[in-house]
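The values are calculated or read from the model by the stated rules, or taken from the named source; none is laboratory data. Values in this document were obtained by computation on a predicted structure and should not be read as measured data. Cβ sites come from the backbone with ideal geometry, for glycine too, and all protein chains shown count toward neighbours.
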């Protein structure tokens, strides 16, 4: 895990600890967004509607990829959709849904719908 995103020790938060284990099992990075310094330029990569619908938030970029916090790591269509919309390689990172929702509501505005029951 990148030191840049180690703001919360997962062992301090049982939900985060569970998500960290899930992320490791999926070969993903788990990130806490609690103290994320939002790059305003990245917000323009997604419309508010897409951010709310997919429950994703852009957190970092390189020359060739964008790192996105995702709430549902098992839905591969999310990454595929983001790559089509942004024309960039997307690296999904698992984060707490509540933290993603808080950032979406703060930076994109509007409420995020609760997750659909399967």
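For region 48-71, the set of residues classified as in a loop (DSSP other than H, G, I, E, B) and either within 9 Å of the chain's Cα centre (by Cα) or modelled with pLDDT of 95 or more (or both) consists of 55, 71, listed by residue number.
State all residues of region 24-37 that are assigned to a loop (DSSP other than H, G, I, E, B) and out of contact with any strand residue (DSSP E or B) (no Cβ under 8 Å at 6 or more places or on another chain); if no residue qualifies, say none. The answer is 27, 32, 34, 35, 37.
The residue that is farthest from residue 14 (Cα to Cα), among those in region 29-45 that are surrounded by 14 or more Cβ atoms within 10 Å (Cβ to Cβ) and without any contact (Cβ under 8 Å) to a residue 60 or more places away in the chain, is 45.
Of the residues making up region 72-84, those that are modelled with pLDDT under 95 and either more than 23 Å from residue 37 (Cα to Cα) or surrounded by fewer than 19 Cβ atoms within 10 Å (Cβ to Cβ) (or both) number 4.
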